[in-house]
Amino acid sequence: MEKSSKDGIKALPANSKLSVLNCIDLSDPDISNSVSLLKQACLDCGFFYVVNHGISEEFMEEVFAESKRLFDLPLEEKMRLLRNEKHRGYTPILDELLDPEKQVNGDYKEGYYIGVEVPNDDPKSLRPFYGPNVWPSTDMLPGWREVMEKYHHETLEVAKSVARIIALALDLDGGFFDKPEMLGEPIATLRLLHYEGRVSSPENGIYGAGAHSDYGLITLLTTDDVLGLQICKDKNANPQRWEYIAPLKGAFIVNLGDMLERWSNGIFRSTLHRVLGNGQDRYSIPFFVEPSHDCLVECLPSCKSETNPPNYYGCHVQVLLHLMRSPTVEPPNNKILGKLVKYGNCKIQ
């Protein structure tokens with residue numbers, strides 16, 4: 001299976017374009033074919049489908065049903081599960097503002113963060129994005145935690161499989177990202193999302209989710225059958241051209257993050273994307289994958305040469321996360337290769 005575009009679409013808005021994405025089949029024994037399709041996608045738009053990944057459609061449907069159970073709770077119940085300093089828990093509608101230059105208010109979506117479970121008595125819990133999750137009580141949502149923990153575990157395994165193909169596409173050893181300092185101890189965050197039934201109006205600054213790129217390594221997204229996700233292949237175009245991504249039942253929509261763009265010296269692309277609401281409730285579940293805190297993100301040997309030198313300084317993940325989440329705050333100096341480098345945006349000028 002190479003291309004897919006229209007599976008699962010109920011209605012394409014007038015004057016809208018649908019992007020055609022490559023489809024990576026993880027059960028395909030011809031790994032060279034998967035590498036070729038993935039590399040083409042990463043060079044073109046940084047988005048592709050992944051199918052036959054080992055998670056059953058029945059279990060995915062169960063996860064969506066449990067997600068809806070959470071969002072159907074009264075607001076006062078959800079507010080008791082409010083997101084903490086470790087980015088775990090509930091975020092209400094309008095809480096996030098992803099594109100402040102164009103949005104008049106926050107995103108018309110509510111969400112729920114679930115990360116790697118690290119108990120408070122573990123020293124690792126002192127690190128950003130590590131710690132215990134915020135779980136609804138068993139009285140409130142019986143069995144809910146077990147479903148989400150299973151889905152988190154299974155999706156991380158899919159992410160590792162995709163990362164192995166990415167490594168081969170970058171002319172690296174297939175196990176490059178399996179190292180302990182990379183995806184051996186990842187920062188992996190599951191996020192449940194519910195877009196309320198509001199019609200977006202870009203000309204008036206109203207969005208389901210404002211335009212942004214993901215700052216991590218890769219994101220694996222599952223959605224219901226409601227159209228809404230759009231990508232912009234050229235963020236510098238004026239005007240920008242936006243294309244819809246069709247839902248594909250049982251598949252992951254995978255996109256590259258900013259860290260992978262840096263790692264590949266800009267060869268692979270982290271693409272701008274957004275969500276427009278069409279008046280229907282929409283549910284989606286992104287799974288964000290970053291390497292461990294101590295991982296050094298620097299230009300890969302296969303992505304630089306005398307004529308194509310590195311565009312970015314090497315930078316540890318913990319510093320990158322600090323910069324990407326708080327771009328106006330100057331981070332601490334990061335010791336790399338025996339010298340201190342003050343990063344700013346970590347790009348070589």
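Assorted remarks:
- Listed residues GLY197, GLY314, GLY216, most fluctuating in the chain (Gaussian network, C-alpha, under 10 Å): GLY197
- Mean ellipticity per residue at 222 nm, deg cm²/dmol - from DSSP H runs of n ≥ 4 across the chain, formula -39500 (n - 2.57): -6500 deg cm²/dmol
- Backbone HN-Hα couplings from phi across the stretch 160-173 [Karplus 6.51/-1.76/1.60, Hz, Gly and Pro as x]: 5, 5, 5, 4, 5, 5, 4, 4, 5, 5, 9, 6, 10, 5
- For the stretch 157-284, alpha-carbon Rg and Dmax in angstrom: 16.1, 48
- Solvent-accessible area of LYS39, all protein chains in place: 70 Å² (probe radius 1.4 Å, heavy atoms, ligands and nucleic acids excluded).
- Of LYS160/LYS304; LYS78/LYS102; LYS102/LYS124; LYS124/LYS160; LYS17/LYS179; LYS160/LYS235, those spanning more than 31 Å from alpha-carbon to alpha-carbon: LYS102/LYS124; LYS17/LYS179
- The translational diffusion coefficient of the chain, from Stokes-Einstein at 37 °C and 0.692 mPa s with a Kirkwood hydrodynamic radius over alpha carbon pairs, comes to 157 µm²/s.
- A 1.4 Å probe run over the protein chains yields, for the stretch 83-195, 43 Å² of accessible area per residue, whole-number rounding.
- Applied to the stretch 49-60, the Karplus parametrisation 6.51 cos²θ - 1.76 cosθ + 1.60 on θ = phi - 60° returns per-residue 3J(HN,Hα) values of 8, 10, 10, 6, 9, x, 9, 6, 4, 5, 5, 4 Hz, with x for Gly and Pro.
- Rolled with a 1.4 Å probe across the full set of protein chains, the surface gives VAL199 an accessible area near 90 Å².
- Summarising the amide proton neighbourhood of ILE187: residues at separation of 5 or more, or on other chains, whose placed amide H is nearer than 5 Å comprise GLU290, SER292.
- Surface composition of the chain: carbon plus sulfur atoms hold 50% of the accessible area, using a 1.4 angstrom probe and ignoring ligands, DNA and RNA.
- Whole-Å distance, taken between Cα centres, linking the stretch 231-246 and the stretch 19-60: 21 Å
- Taking max minus min of the alpha-carbon positions on each principal axis, the stretch 1-123 gives extents of 49, 45, 30 Å, largest first.
- For the chain, a crude dipole built from +1 on the beta carbon of Lys and Arg and -1 on the beta carbon of Asp and Glu, taken about the Cα centre, is about 1040 debye to the nearest 20.
- DSSP-defined beta bridges in the stretch 1-137 - what % are antiparallel, rounded to 5: 50 percent
- Average Cα contact separation per residue, the stretch 23-338, under 8 Å, 6 or more apart, as relative contact order %: 20 percent
- Rounded to whole Hz, the Karplus (6.51, -1.76, 1.60) HN-Hα couplings of the stretch 112-122, x for glycine and proline: 8, 8, 9, x, 5, 6, 10, x, 4, 7, 8
- Taking amide H as placed 1.01 Å from N in the peptide plane, ILE218 has its amide H under 5 Å from the amide H of GLY257, VAL289, each at least 5 places away in sequence or on another chain.
- Considering only alpha-carbon pairs that sit under 8 angstrom and 6 or more positions apart, the relative contact order computed for the stretch 247-301 is 38 percent.
- Per-residue SASA entry for ILE55, accessible area with 1.4 Å probe, Å² rounded to 10: 10 Å²
The values are calculated or read from the model by the stated rules, or taken from the named source; none is laboratory data. Here the structure is a predicted model, which is why all the values come from computation and not from measurement. Every residue, glycine as well, gets a Cβ built from its backbone with ideal geometry; the counts of neighbours run over all protein chains shown. Surface areas here come from the heavy atoms of the whole protein model, side chains and all, with no ligands, DNA or RNA. Shrake-Rupley method; radii C 1.70, N 1.55, O 1.52, S 1.80 Å.
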